[in-house]
Amino acid sequence: MTKVLVIDDEKAIRRSIKDILEFEKYEVEEAEDGVQGLAMAIKNNYDVILSDIKMPKMDGLELQIRLTENNVSAPLIIMSGHGTIETAVDAVKHGAFDYLAKPIDLNRLLVTIRNALDKSTLVIETKQLKKKINKTFDIIGESQPIKDIKDIIEKVAPTEARVLITGNNGSGKELVARWLHEKSNRANSPLIEVNCAAIPGELIESELFGHEKGAFTSAVSQRKGKFEQAEGGTIFLDEIGDMSLSAQAKVLRALQESKIARVGSEKEIKVNVRVIAATNKDLKKEIAAGTFREDLFHRLNVIPIHVPSLNERLDDIPLLANHFLNLICTEGNMPVKSISNSAIKELQTLNWTGNIREFRNVIERLIILGGKEISDKDVKQFS
């Protein structure tokens with residue numbers, strides 16, 4: 001049953017609202033002022049909180065602040081007399097879900113509570129989904145190279161420093177980029193990924209910076225680029241070593257001036273994005289060969305992070321094997337299989353040229369084709 005807390009210093013109003021909500025099958029508790037209401041909200045789990053704006057001891061605005069400080073997630077609906085409407089609107093601007101003017105309209109009350117409940121449900125589902133996604137994209141390992149990377153992420157993520165991630169294909173560079181974003185102050189804004197190697201050279205500038213209608217033959221409408229889409233968040237330029245020199249020049253300008261211009265336009269657009277780049281190439285060799293700009297390299301390489309190959313972190317294979325066993329079986333609605341110690345040792349003898357990506361594929365193959373407990377024989381046969 002949905003639980004509602006009603007906070008008001010006027011007993012008649014509390015009782016009136018309680019009678020209405022209990023008739024609608026809500027469970028209702030009362031508090032006579034903000035101090036008592038705060039204590040009850042911290043102690044109990046309410047689905048919605050209704051509070052008067054003007055009360056002795058603690059008013060609705062202070063209550064709102066204190067609820068936030070104590071991580072009370074229940075949506076707060078402010079009730080106000082005509083003389084305090086502006087204050088109530090201000091409360092909504094600072095985090096309250098909505099406000100109701102006194103005398104309370106019955107239909108408006110019920111609709112507002114239902115809307116608050118819908119939002120609360122959506123927030124919970126979003127948090128659960130985010131946890132699931134974060135688990136899927138977790139950085140698994142306790143080897144020293146992985147511990148070093150996790151330590152760097154913790155230090156660098158809250159800053160605005162640009163990061164250049166290097167490592168072989170399939171080693172997990174995108175996971176490092178994702179966690180740098182997730183642990184940053186930009187985590188609630190978009191993380192936009194761009195695979196520079198997958199976009200034809202003639203289209204990369206349009207992809208990154210957008211274009212105006214008629215800028216080229218197929219530009220039938222105006223389009224925002226990835227930099228604009230990442231506004232307030234992070235743009236991850238994967239395989240930046242494959243980017244054309246002309247696009248590199250524009251990226252350099254965007255980093256220097258925090259401005260871009262769409263293809264076909266001279267109008268400058270301010271952008272606020274954090275740039276994380278990754279490559280499997282040796283950019284110093286690319287600079288010597290004239291295929292990568294040295295000034296762009298120095299702009300990007302503020303914090304270098306090298307992701308080791310799986311062959312350099314064989315001690316992590318037991319953890320990785322069990323992680324992928326659980327993940328793949330859960331995603332496929334299959335009973336979770338176990339893996340023998342001899343199978344783990346056999347996996348540690350293999351040459352993992354495809355790194356984590358190849359390792360996951362092998363584990364999935366072993367789940368499908370191997371025995372109930374995956375053995376060293378299964379590994380020899382199906383790896």
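The values are calculated or read from the model by the stated rules, or taken from the named source; none is laboratory data. Everything numeric in this text was worked out from a predicted model, so none of it was measured. Cβ placement follows ideal geometry from the backbone for every residue including glycine, while neighbour counts extend to all protein chains displayed.
For the reader, a short list of remarks on this structure follows.
- Note on segment 356-382: among residues that are touching an Asp or Glu at 6+ places or on another chain (Cβ under 8 Å) and surrounded by fewer than 17 Cβ atoms within 10 Å (Cβ to Cβ), the one that is modelled with the lowest pLDDT is G371.
- Positions within segment 207-225 being crowded, with 21+ Cβ neighbours inside 10 Å and either out of contact with any strand residue (DSSP E or B) (no Cβ under 9 Å at 6 or more places or on another chain) or of a type outside the set (F, W, Y) (or both), in sequence order: L208, G210, H211, G225
- Selected residue [within 30 Å of the chain's Cα centre (by Cα) and of a type outside the set (D, E)] from S51, S73: S73
- Of residues in segment 329-355 being part of a helix (DSSP H, G or I) and at pLDDT 95 or above, the one farthest from the chain's Cα centre (by Cα): S342
- Flag for K281 being surrounded by fewer than 18 Cβ atoms within 10 Å (Cβ to Cβ), touching a helix residue (DSSP H, G or I) at 6+ places or on another chain (Cβ under 7 Å), in the same structural domain as A157 (by TED's automatic domain parsing) and not in a strand (DSSP E or B): yes
- Test result for I78, closer than 24 Å to S16 by Cα and more than 29 Å from the chain's Cα centre (by Cα): yes
- A count restricted to segment 234-254 and to residues that are surrounded by fewer than 19 Cβ atoms within 10 Å (Cβ to Cβ) and not in a helix (DSSP H, G or I) stands at 1.
- Being outside any helix (DSSP H, G or I), touching a residue at least 12 places away in the same chain (Cβ under 8 Å) and among the hydroxyl-bearing types (S, T, Y) is not true of S221.
- Qualifying residue in segment 310-327 (condition: among the small types (G, A, S) and in the same structural domain as N185 (by TED's automatic domain parsing)): no
- Looking only at segment 151-195, and only at residues there that are part of a loop (DSSP other than H, G, I, E, B) and touching a Gly at 6+ places or on another chain (Cβ under 8 Å), the one that is surrounded by the fewest Cβ atoms within 10 Å (Cβ to Cβ): N169
- For beta carbons closer than 9 Å, sequence separation of 6+ or different chains, a first residue in segment 261-280 that is more than 21 Å from F292 (Cβ to Cβ) and a second that is of a type in the set (F, W, Y) and surrounded by fewer than 19 Cβ atoms within 10 Å (Cβ to Cβ), the qualifying pairs are V263/F216; G264/F216.
- Test: residue in segment 305-319 that is in contact with a Lys or Arg (Cβ under 9 Å, 6 or more places away or on another chain), closer than 30 Å to S246 by Cβ and either touching a residue at least 24 places away in the same chain (Cβ under 8 Å) or part of a loop (DSSP other than H, G, I, E, B) (or both): yes
- The one condition from (1) of a type outside the set (A, V, I, L, M, F, W, C); (2) under 29 Å from G233 (Cβ atoms); (3) within 24 Å of the chain's Cα centre (by Cα) that N326 does not meet is (2).
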